[in-house]
Amino acid sequence: MGDFSDNLDHRCFDSHRYAVVDAVWREDLPSHWPLTVIAPAFLEADTDRCPVLLDLQAVALDERDELMERLAQQVQDREDALCSLLLASDREHQALADHLAQRMALKLAGASQPQQFRFFDPGTFLQLPRLLGPAGMVWLLGPAHAALVPWAGGWTRYPRPDSQAHCFSLTADHLAALSRMGVVNRVALQMEPPADAAEWTARCTVLDALVQRAMEAHGLRLQADLVAFAQDAMTHHPAFDSHPQVAALLQSLRTATPEDELDYRELRSRISPAEWQTIAADLQSSVSTRSPLGHPKEGNRT
């Protein structure tokens, strides 16, 4: 990940010519500002929910200073920032907007049309270097050679990697990881605010592994079930699903028929708070009675 800073200074702000502004903020922008809608072709004329690209160099100096102060205060207060990303690029605004629009169209197997890929959401963007790798980030950023990301009380500058992307394409693993991000973000945002961007990305890495385990080991597919599974792991114990009581419930879910109308949330509601405490204590005790090599400690053998 790039460099993290608590403050947004003029030098860094001025070096990133463009700003991506989400659709929810479009009405807040002055009508005379130079804006270009970032609209994937598959949306055709339905672009009201699309972000816009703002050319900051074409904004009057006093207005640009006001915008910088507003952004700095929003990020300091951990509010949603008016600008989702600041981008450094030498390309003209339409060329950059066209590239970003192409990247917003995500083709998923079995889908009748592409899905909108909100890579510009700050909390999502910070996870992408791990999920896409250097070549994938070059593919994503294209003519933008750096991004400035407002998140977790500060700004993270991410320079485009020095990597070739001419052969890069999204694989099934990439698409699966991207499809899990909705669950990961939902759970992560319901937890205590992270100290900084590094803590956020570390948290999301853990959550992504949990969601993947819920899908692959236990066959969970509903978003609400995946959210509940990840929350249980973070709240009670990372390996809670290995406990016999939970394992039995998950097995009953795998063997259930559609007529049973069972889901993970229904089954977990059958575990009382006292039982959750016992489950966590049992697992913690199991860990503490093993050596670093996984063998029982002396004095604990049966």
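Derivation of every value follows stated rules applied to the coordinates shown; laboratory data play no part. Predicted model only: the values in this text are computed from it and were never measured. Glycine gets a Cβ as well: all are built from the backbone with ideal geometry, and neighbour counts include every protein chain shown.
Laid out as a table, the results:
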{"read-out": "FRET efficiency for Asp263 and Gln102, using Cβ-Cβ distance with R0 set to 30 Å, rounded to 0.05", "value": "0.20"}
{"read-out": "Relative contact order computed over the range 188-267 (Cα-Cα under 8 Å; 6+ residues apart), in percent", "value": "24"}
{"read-out": "Gaussian network model of the chain, springs between alpha carbon atoms under 10 Å - residue of Phe119, Phe42, Phe240 with greatest fluctuation", "value": "Phe42"}
{"read-out": "For the range 3-162, with +1 on Lys and Arg beta carbons and -1 on Asp and Glu, the positive-most of Ala23, Phe119, Pro129 along the dipole", "value": "Pro129"}
{"read-out": "³J(HN,Hα), Karplus 6.51/-1.76/1.60, whole Hz, each residue of the range 44-49, x for Gly, Pro", "value": "6, 8, 7, 10, 5, 9"}
{"read-out": "Positive-end residue, the chain charge dipole about Cα centroid, Cβ charges, pick of Met68, Val184, Leu267", "value": "Leu267"}
{"read-out": "Helix-derived mean residue ellipticity, 222 nm - over the chain, DSSP H n ≥ 4, -39500 (n - 2.57), to 500", "value": "-14000 deg cm²/dmol"}
{"read-out": "GNM top mover of Leu262, Leu140, Leu126 - the chain, alpha-carbon springs below 10 Å", "value": "Leu262"}
{"read-out": "Which of Glu192, Glu199 has the fewest Cβ neighbours within 10 Å, and the rest in rising order", "value": "Glu192, Glu199"}
{"read-out": "Built amide H within the under 5 Å cut-off of Leu85, gap 5+", "value": "Val20"}
{"read-out": "Dipole of the chain, positive end: most advanced residue of Ala39, His237, Ala195 [Cβ charges, Cα centre]", "value": "His237"}
{"read-out": "Cα-centre dipole for the chain with unit charges at Cβ (Lys and Arg positive, Asp and Glu negative), debye to 20", "value": "1160"}
{"read-out": "Cβ-defined net charge surrounding Glu69, 12 Å radius [Lys, Arg +1; Asp, Glu -1]", "value": "-3"}
{"read-out": "Theoretical gain in end-to-end length, Asp46 to Arg130 [0.36 nm per residue, Cα-Cα removed]", "value": "27.1 nm"}
{"read-out": "Footprinting exposure proxy for Ile38, Ile271 (fewest neighbouring C-beta atoms within 10 Å first)", "value": "Ile271, Ile38"}
{"read-out": "The range 62-153, dipole about Cα centre (Lys/Arg Cβ +1, Asp/Glu Cβ -1), debye to the nearest 20", "value": "680"}
{"read-out": "Local net charge near Ala217, Cβ-Cβ under 12 Å (Lys/Arg +1, Asp/Glu -1)", "value": "0"}
{"read-out": "Neighbour cut-off at most 12 other Cβ (10 Å), DSSP loop, trypsin sites (Lys or Arg not before Pro), the range 16-68", "value": "Arg49"}
{"read-out": "Mean separation of Cα contacts under 8 Å, 6 or more apart, over the residue count of the chain: relative contact order %", "value": "15"}
{"read-out": "For Phe240, net neighbour charge (Lys/Arg +1, Asp/Glu -1) across residues whose Cβ lies under 14 Å away", "value": "-2"}
{"read-out": "For the range 18-110: span of alpha carbons on each principal axis (Å, largest first)", "value": "46, 29, 23"}
{"read-out": "At R0 = 51 Å, FRET efficiency that the Cβ-Cβ distance of Asp14 and Gln223 yields, to 0.05", "value": "0.80"}
